[in-house]
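Contents: one structure, followed by commentary.
No value in this document is a laboratory result; all are computed from the given coordinates. None of the values given here were measured: they were computed from a predicted structure.
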Amino acid sequence: MDTDKIIDDLVENLAAIEHARWSHWQRYLHGKCLPQSDGSLLIPADLVERWQRQMETPFEKLAEAEKESDRKQVQKYLPIIKAALRR
């Protein structure tokens with residue numbers, strides 16, 4: 001099979017997973033926020049503090065539970081990468 005086709009297929013499949021991951025996060029985020037009368041959402045201060053800390057922390061310095069959460073997300077990509085490597 002053509003290498004460019006394999007790469008194009010890989011990008012499309014990974015992009016689909018990325019969209020699903022992003023959509024899942026947005027549903028979670030919206031569920032944690034407080035709806036405002038103008039349609040906007042207010043993120044509670046404790047979550048802002050937590051997520052800000054996580055954003056500013058290198059992976060190797062995260063708590064083990066936070067690392068494991070990231071690892072679980074990566075696991076979703078591996079079947080597609082493995083299939084592409086077998087091609």
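Does segment 9-57 come out rounded, prolate or oblate by the C-alpha gyration tensor, with a ≥ b ≥ c the root eigenvalues, rounded set by a/c under 1.5 and, if not, prolate when a/b is larger than b/c and oblate if not?
Because a/c hits 1.5 or more and a/b fails to exceed b/c, segment 9-57 counts as oblate.
Strictly over 24 Å apart at the Cα level, which of Lys32/Lys82; Lys5/Lys76; Lys5/Lys67 would you flag in this model?
In this structure, Lys32/Lys82; Lys5/Lys67 exceed 24 Å between Cα atoms.
Expressed in nm to one decimal, what extension gain is obtained for the pair Glu66 and Leu47 from 0.36 nm per residue of sequence separation less their Cα-Cα distance?
5.4 nm
Could you name the aspartates and glutamates in cross-link range of Lys72, using Cα to Cα under 17 Å and dropping any fewer than eight places away on the same chain?
Counting by Cα, and skipping residues close in sequence, Lys72 has these aspartates and glutamates nearby: Glu18, Glu60, Glu64.
Please state the relative contact order of segment 3-86 as a whole percent: Cα pairs under 8 Å, 6+ residues apart?
So the answer I get is 36 percent.
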